[in-house]
Amino acid sequence: MAKSGRPRRPLPLRDGVDPVRIRLADPGRGPRSIPEELRRRFPDRLAELEAALASGQVVTADGVAVTDSTRRHRGMDVWTYRTPEPEVEVPFGIEVLHADDRLVVVDKPHFLATTPRAGHVTQTALVRLRRDLGLADLAPAHRLDRLTAGVLVFTVDPAHRAAYQDLFAARRVAKSYLAVAPAPEGTPHVRERSSRIVKTRGVLQAAEVDGPPDAHTRITLLGVREPDPGGSATPLGLYRLEPSTGRTHQLRVHMNALGTPILGDDLYPRVRTITPGDFSHPLQLLAETIGFTDPVSGAERRFRTRRSLEAWPSGKARAQDPGHPPSAPAPNSCML
């Protein structure tokens, strides 16, 4: 049962998960009975489908329960629920940094996807927050990779959603990230990387290719320390990464291209297989700050993570960075 688009749902969320929308075959091309068509299309979920039909949880776009006599028309959709497949629980909480009637800003942990995709549905920031905060219309203003931790912004009110999403899409948002990576002798204090990045569907790695640059990152080395005993002989560095664009895997690709791949990266410079449920080596990449002019109120907004990177304790990270003092805890912060 495929889910597509974002029309207004005629069924409520169930445990934070959206109902799914099913596009029916055009009249005359499939069975005349809608329930019969659904049974033919989804034989592997027959028991679940029958229970949904019997309880009135297969509905039309106006929320009317589907029966054998429901009339169909060209382009008709029906909605129902699909029970997500079992998932490995991500054993880390989400801290709410800020909440008001338009935005919820959180500190996402490593390993938790932003939104449902592929094998991640219930173990996503969106589903957890919708369920735990009781906010059915919550939606992301942007996204973080599953393996990246840090500041993530959600919109609360659908009336203002487009204004915030357009802000991120138009790159009118200042972002900074922290990363731990090798810092060989002679590493410049400040570097810039501009390139063209292509991510091919079905290929795990993105790649730099010839052509006009469409990805730019400013990279500042904040501090250097010796590696942990028994590890690589190359010193480690704490870097601030400031992207002015948002290509897929941009920061990971740029750091790898400079010969300083981010610690814990399972894709760059080479793909490594990680056992599901292995949370022992998080990617050492953290969305540190997000700042923008609020498109609704005109106020300046700035949010900062309160997480630190495992490979660089927070005390050392801040000591190397006097220009960005830690922010005071938000009075309405909480852990979910």
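The values are calculated or read from the model by the stated rules, or taken from the named source; none is laboratory data. These numbers come from a predicted model, not from an experiment. Positions of Cβ are generated from backbone atoms using ideal geometry, with glycine treated the same way; all protein chains shown enter the neighbour counts. These accessible areas exclude ligands, DNA and RNA; they are computed on the full protein's heavy atoms, side chains included. Shrake-Rupley method; radii C 1.70, N 1.55, O 1.52, S 1.80 Å.
From the residues Leu11, Leu97, Leu38, which one has its Cα farthest along the dipole of the chain in the positive direction, the dipole being from +1 and -1 charges on Cβ of Lys/Arg and Asp/Glu about the Cα centre?
Of the options given, the answer is Leu38.
Roughly what would the spin-label model give for Glu87 and Val64, points 7 Å off Cα along C-beta, in nm?
3.5
When ligands, DNA and RNA are left out and all protein chains stay put, how many square angstrom of accessible area per residue does segment 100-219 have with a 1.4 Å probe?
Heavy-atom SASA per residue in segment 100-219 reads 45 Å².
Can you give the extra length, in nm with one decimal, that the chain gains between Asp26 and Ala174 once fully stretched, where that is 0.36 nm per residue apart less the Cα-Cα distance?
Here the segment from Asp26 to Ala174 would lengthen by 48.6 nm.
Rounded to a whole number of µm²/s, how large is the Stokes-Einstein D of segment 117-226 at 20 °C and 1.002 mPa s, given Rh as the Kirkwood radius over C-alpha pairs? Intermediate results must be reported in sequence, preceding the final value.
Details: Rh = 17.5 Å.
For the chosen part, D equals 123 µm²/s.
Counting pairs of Cα atoms in the chain, how many percent are more than 39 Å apart?
24
For segment 118-232, what does the relative contact order come out to in percent, with C-alpha contacts under 8 Å and a separation of six or more?
With pairs under 8 Å counted, the relative contact order is 15 percent.
Rg and Dmax in Å for segment 237-301, alpha carbons only: what are they?
So, for segment 237-301, Rg and Dmax equal 15.6, 46 Å respectively.
Counting alpha carbon pairs within less than 8 Å and at least 6 residues apart, what relative contact order, in whole percent, applies to segment 204-259?
Computed over segment 204-259, the figure is 39 percent.
Find the all-direction average of the projected area of the Cα convex hull for segment 89-177, expressing the result in square nanometres with one decimal place.
Averaging across all directions leaves 5.8 nm² for the Cα convex hull.
What ranking of Lys175, Lys199 comes out by heavy-atom accessible area, probe 1.4 Å, highest first?
Lys199, Lys175
Counting only the heavy atoms of the protein chains, how much of Phe303 is accessible to a 1.4 Å probe, in Å² to the nearest 10?
Counting only protein heavy atoms, Phe303 exposes about 20 Å² to solvent.
So, taking all protein chains as they sit and a 1.4 Å probe, how much accessible area belongs to Glu36, in Å² rounded to tens?
Surface accessible to solvent at Glu36 totals approximately 70 Å².
Please work out the FRET efficiency for the pair Ala162 and Ala257, using the Cβ-Cβ distance as r and a Förster radius of 30 Å; give the result to the nearest 0.05.
Efficiency, rounded to the nearest 0.05: 0.30.
Using the C-alpha atoms of segment 32-96, what convex hull volume per residue, in cubic angstrom, is computed?
Value for segment 32-96: 149 Å³ per residue.
Given segment 156-215, what whole percent of its Cα pairs are spread farther than 16 Å?
Details: 1262 of 1770 pairs.
Of all Cα-Cα pairs in segment 156-215, 71 percent lie more than 16 Å apart.
Run the numbers on the chain and let me know its relative contact order in percent, using alpha-carbon pairs under 8 Å that are six or more apart.
The normalised contact order for the chain reaches 16 percent.
With all protein chains present, calculate the accessible area of Val224 using a 1.4 Å probe and round the result to the nearest 10 Å².
Solvent-accessible area, nearest 10 Å²: 80 Å².
Take each of the peptides 250-256, 64-70, 97-103, 275-281, average the number of other beta-carbon atoms within 10 Å over its residues, and list them starting from the highest. Walk me through the numbers before you get to the answer.
Working: 250-256: 24.1, 64-70: 13.4, 97-103: 15.9, 275-281: 10.3.
Averaged packing, sorted descending, gives the order 250-256, 97-103, 64-70, 275-281.
Per-residue HN-Hα couplings for segment 69-80, Karplus 6.51 cos²θ - 1.76 cosθ + 1.60 at θ = phi - 60°, whole Hz, x for Gly and Pro?
9, 5, 6, 10, 9, 4, x, 6, 10, 10, 10, 7
Can you give me the distance in nm between label points at Cys334 and His189, each placed 7 Å from the Cα along the Cα-to-Cβ direction?
If labels sit at Cys334 and His189, their model points lie 4.5 nm apart.
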